[in-house]
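The values are calculated or read from the model by the stated rules, or taken from the named source; none is laboratory data. None of these values were measured; they are calculated from a predicted model. Heads up, the Cβs are rebuilt from the backbone with ideal geometry, glycines too, and the neighbour counts pull from every protein chain shown. Only protein heavy atoms, including side chains, enter the accessible area calculation; ligands, DNA and RNA are left aside. Shrake-Rupley method; radii C 1.70, N 1.55, O 1.52, S 1.80 Å.
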Amino acid sequence: MAFFVFNSASKMVSSPLVILGFILICVTLHCNSLAEAKANPRPNIVLILTDDLDVSIGGMVRSTSMHACYCSYHFAQHLPTILVISSVMKFVASPLCCPSRASILTGKYPHNHHVVNNTLEGNCSSTAWQKTQEPETFSAFLQKHGTYQTFFAGKYLNEYGSKKAGGVEHVPLGWDHWFALESNSKYYNYTLSVNGRAQRHGQNYSEDYLTDVLANISIDFLENKSNRRPFFMMVSTPAPHSPWTAAPQYESSFPNVKAPRDPNFNIHGKDKHWLIRQAKTPMTNSSVEFLDNAYRKRWRTLLSVDDLVEKVVRKLEVSGELSNTYIIFTSDNGYHTGQFSLPMDKRQLYEFDIRVPLLVRGPYIKPNQTSPLLIANVDLGPTILDIAGYNVNETQMDGMSFLPIMTGKGNSSTWRSDVLVEYEGEGSNISDPACPLLGPGVSECFPDCVCEDSYNNTYVFVEVYNLTADPFQLSNIAKSIDQEVLEKMNHRLMMLQSCSGRSCRTPGVYDSQFRFDPQLMFSSLVPHRNKRRQMLK
């Protein structure tokens, strides 16, 4: 189990299982005609979710060599009257696809939705997930109340479509229109579940390139949906996840772009936890060349996401629905390319893997707003329900609606002061034949035996960073922190990692009478966890 806490009230806080810092979050939004919005009290909602789009190492930085952007360029530049983009970000509850997506859908931290990694054994789209958590997603809530028509297209959860969990015939509760990708991100040669029926695609660009297919399906929905009911639409693109296959017209874009050479690029994390310290510094030339090439390819895939966003927004504009539609653009987790000599992946509890873009526009939202309040992906579900007019307190969600923040009605005294990030690791308790000296359990290993993960990746260590003075997290200052502060933050961490619902939203409470019960953190029903306990006995 891994846990991470942010505190927005102090510059330096810590606990034995966390890395902490002082962070500001900015949200840039656009104001629309209030008169038009009042004509329909139930606004439409569009959620566009990218895959592995970071914000800390160039995810929101426009290329200086070409007129394009790593984030959704059309969202900002081709539609300048819709919103203005600046540094916008939020934090994820887990730096990995399936746990993070589960948090988006349920509004819960991983210790409550029990998805711990990307495997079926880790509860990723398992039958247990389907029975216990899918009925509690925000989409199920929208569909249950019957007001909204719901649409999904793209990547759902990494193990969706597995034969052991119902195959593509399984359509989760909450979706009237279902176009879900079987398994993990791909661009060609994939299968979609079209309302429970398999639709296979090959490698013909005009018919099969997934990002464009999702755009076309979305436009078809907007053209054929009922106009008597508001709609919720979620479009989940494969980009910029590997294998980073660009559309033909973008294959030569960004020829000179390289991964950012920030101060934490290709340096040894000597004061970090063991997975960071095992990275080889300096990286081999082949690793640097590989990550630079991957960085360019990631940018190229996002140009098609730009096209998708432009098509959707233009369609809403033409139909006259844009003024009464909230559009949310974000990602499931961040990504790193060379930071602390880790070639590329996510899964780490540092800024580059846990901070992601958050762009929102909609009725009653003024432009160019900034806020010091901490927003997490567990807040997306509550916010969507709040926009739709439903009471979040009637759900079991851990997150909070940030709609009041966007509309200028937020109260900082009642907002959270910290965010919990959890991850448990992925792999098995055996040695990698290619890297036997690293011992059992390592996974996601590169040819030079730099491994990004481990089955026991529990992050039991103390790291403290002052992000105001040290934004690249170069210096772990844990040993200089007052012991009393460490103890209080550890106590706060214990509270958060067993919180549920409203108890997760209380800002900065330190209860000296609180007693931590580790059995509350994860369900004993998750199979791989029982096996792991047996292995560690």
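Within region 419-448, residues that are over 23 Å from Glu121 (Cβ atoms) have Cβ atoms under 8 Å from residues that are assigned to a loop (DSSP other than H, G, I, E, B) and among the charged types (D, E, K, R) in these pairs: Asp448/Lys280, counting only partners at least 6 apart in sequence or on another chain.
When the residues of region 314-336 are filtered to those that are crowded, with 24+ Cβ neighbours inside 10 Å and among the polar types (S, T, N, Q), the one that is farthest from Ala388 (Cα to Cα) is Asn333.
When Ser498 is tested against (1) of a type in the set (Gly, Ala, Ser); (2) in contact with a helix residue (DSSP H, G or I) (Cβ under 8 Å, 6 or more places away or on another chain); (3) open to solvent by 60 Å² or more (accessible area, probe 1.4 Å), just one condition goes unmet, and that condition is (3). A search for C-beta distances below 7 Å between a residue of region 482-505 that is on the phi > 0 side of the Ramachandran plot and any residue that is surrounded by fewer than 21 Cβ atoms within 10 Å (Cβ to Cβ), counting only pairs 6+ apart in sequence or on different chains, returns Gly501/Gln396. Scanning region 190-215 for residues that are in a loop (DSSP other than H, G, I, E, B), surrounded by 12 or more Cβ atoms within 10 Å (Cβ to Cβ) and among the polar types (S, T, N, Q) yields a total of 2.
Taking the criterion of being free of Cβ contacts under 8 Å to residues at least 40 places away in the same chain, surrounded by fewer than 23 Cβ atoms within 10 Å (Cβ to Cβ) and within 18 Å of the chain's Cα centre (by Cα), the only residue of region 155-188 that qualifies is Ser183.
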